[in-house]
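Scroll down for the structure; my scribbles are underneath it.
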2 protein chains.
Amino acid sequence: MATTTAPWKQLLLNSLQANSHLRHSSYFQLATIGPNGMPANRTVVFRGFQDTTNKIQINTDSRTHKIEDLNHWPFAEICWYFTDSWEQFRINGAVDVIDGSNPDSIKLQQREKAWFDSSPKSRLQYLGPNPGLPSLGDQPTQAASSLDPSAGPAAAFCLLLLDPDQVQVPFFSNIYTFIRSFVIVVVFCCSQVDYLNLKSNERITFSKKIANEEISWNSEKVNP
Amino acid sequence: MATTTAPWKQLLLNSLQANSHLRHSSYFQLATIGPNGMPANRTVVFRGFQDTTNKIQINTDSRTHKIEDLNHWPFAEICWYFTDSWEQFRINGAVDVIDGSNPDSIKLQQREKAWFDSSPKSRLQYLGPNPGLPSLGDQPTQAASSLDPSAGPAAAFCLLLLDPDQVQVPFFSNIYTFIRSFVIVVVFCCSQVDYLNLKSNERITFSKKIANEEISWNSEKVNP
């Protein structure tokens, strides 16, 4: 399916530029749904758009709960608040989980690229103990020098690609998610990006439109 | 059921104090699940704890989608990131939606208190046009002077109470949520607050324990 640069993407790039002096401007909150049916929410780091697409890249550890969440229900909503410009972006989409076992060689290359694009320090965390498990006290942390800078992705390294353009119906393995598959049909028409500017008190919703195999985005000014 | 001050609450109060010079330190992201089964995520403002309880107060407009979400599935997860101290709190719980139609007079009093605790400027927004609906251009905005400071809550004003101590099984009106009721049982044992400090690289999970009708919280140091 053909895709064009979304109008909200330029707005987001402008906000990133305007807030680039703040380290935390590249952090946002990612909401998923756990296998227990509960909402989950955590801060993650924006790792850029994939090439020229609208796909948002996130690096994560495959041993974290969010992977379990996304394997059960591969949809997420980003809430990205820029503290200096008072702007909020809400972006929902399907999430592709790309770990070392992915059968697609192109996706494995994307994962490898994401690995080498990240700093040696951030790569080190994937060699550490299992996140969320009880801490065994002062474990010897692997020194940065012990990481071969030319070594490929650690087993636990996982690339997430949130695609606001696409909502893929996943394979449903149990009755719970099977029933959700019927509910989800509604969402195909509602996928959108919501932009709110608290300084200008302006809000715009960008709604995805698919016609003739081509994706386009309509924008509408709505009440904040 | 008896409740005690949770140990994570003191940690959170300390963080609020340490970050109080930043206006956005009272903002956090609230994740819910929409009636379409999709995760939703938005920034809201912390309005304090309710009295001496562990309940977190949020004011909102009853015309926003989050009310529809919570009426279908009254659970949420807060992700609260403090940009200066590099601390994250993830807090999940049941959410009580208290609007003007609530039959409980004590809850209506809580709603009224929340209304008068908010500034005249923030009260005004509840008299504005329906959030999320198409903007009809330059509508005359209601002047602050037109709001009677002694007038009670506007019809659209709604108090949310997120209670990390409690997970109430709601009344299930359709098969989708009915099935979720079975899944949810697991969650009763897993309700927790997750604290992460990126400066000290320390992570603590606080797990709720119920024994003899009394709630207590266990803390455990886990791998970040």
Any chance B:Phe75 is within 11 Å of chain A (Cβ to nearest Cβ) and either farther than 24 Å from A:Glu77 by Cβ or out of contact with any Cys (no Cβ under 7 Å at 6 or more places or on another chain) (or both)
yes
| task | Considering every residue within segment B:79-90, establish whether at least one is within 24 Å of B:His24 (Cα to Cα), among the hydrophobic types (A, V, I, L, M, F, W, C), within 14 Å of chain A (Cβ to nearest Cβ) and more than 19 Å from the chain's Cα centre (by Cα). | result | yes
At the interface with another protein chain (Cβ under 9 Å from one of its Cβ atoms), surrounded by fewer than 16 Cβ atoms within 10 Å (Cβ to Cβ) and more than 22 Å from A:Lys113 (Cα to Cα): is that true of A:Arg23 in this structure?
yes
Checked pairs for segment A:26-46, first on the phi > 0 side of the Ramachandran plot, second of a type outside the set (Ser, Thr, Tyr) and not in a helix (DSSP H, G or I), C-beta under 8 Å and 6 or more apart or across chains, list as A:Gly37/B:Ile33; A:Gly37/B:Trp73
When segment B:41-60 is checked residue by residue, the ones that are out of contact with any Leu (no Cβ under 9 Å at 6 or more places or on another chain), within 14 Å of chain A (Cβ to nearest Cβ) and surrounded by 18 or more Cβ atoms within 10 Å (Cβ to Cβ) are none
Pairing a residue in segment A:123-134 that is within 7 Å of chain B (Cβ to nearest Cβ) with any residue that is buried (at least 17 other Cβ atoms within 10 Å of the Cβ) and hydrophobic (A, V, I, L, M, F, W, C), where Cβ atoms lie under 7 Å and the two sit 6 or more apart in sequence or on different chains, gives A:Gly132/B:Val222; A:Leu133/B:Val222; A:Pro134/B:Val222
In the set B:Pro131, B:Pro103, B:Pro153, the lone residue that is crowded, with 16+ Cβ neighbours inside 10 Å, at pLDDT 95 or above, more than 27 Å from A:Leu30 (Cα to Cα) and not charged (D, E, K, R) is B:Pro153
When (1) within 11 Å of the chain's Cα centre (by Cα); (2) crowded, with 21+ Cβ neighbours inside 10 Å are applied to B:Ile33, the one that fails is (1)
Only unsatisfied item for B:Gly37, checking (1) within 10 Å of chain A (Cβ to nearest Cβ); (2) modelled with pLDDT of 95 or more, is (2)
Of (1) within 28 Å of B:Val45 (Cα to Cα); (2) in contact with a helix residue (DSSP H, G or I) (Cβ under 6 Å, 6 or more places away or on another chain), A:Asn54 satisfies every one except (1)
- Message: Just to be sure before I move on: is A:Gln110 under 26 Å from B:Thr83 (Cβ atoms) and within 19 Å of the chain's Cα centre (by Cα) in the structure I sent?
- Response: no
Is there a residue in segment A:92-105 that is touching a residue at least 12 places away in the same chain (Cβ under 8 Å), more than 21 Å from A:Pro153 (Cβ to Cβ), more than 9 Å from chain B (Cβ to nearest Cβ) and not aliphatic (A, V, I, L, M)? yes
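The values are calculated or read from the model by the stated rules, or taken from the named source; none is laboratory data. Owing to the predicted nature of the structure, the values given are computational and were not obtained by experimental measurement. Neighbour counts are summed over all protein chains in view; Cβ atoms, including those assigned to glycine, are modelled from backbone coordinates with ideal geometry.
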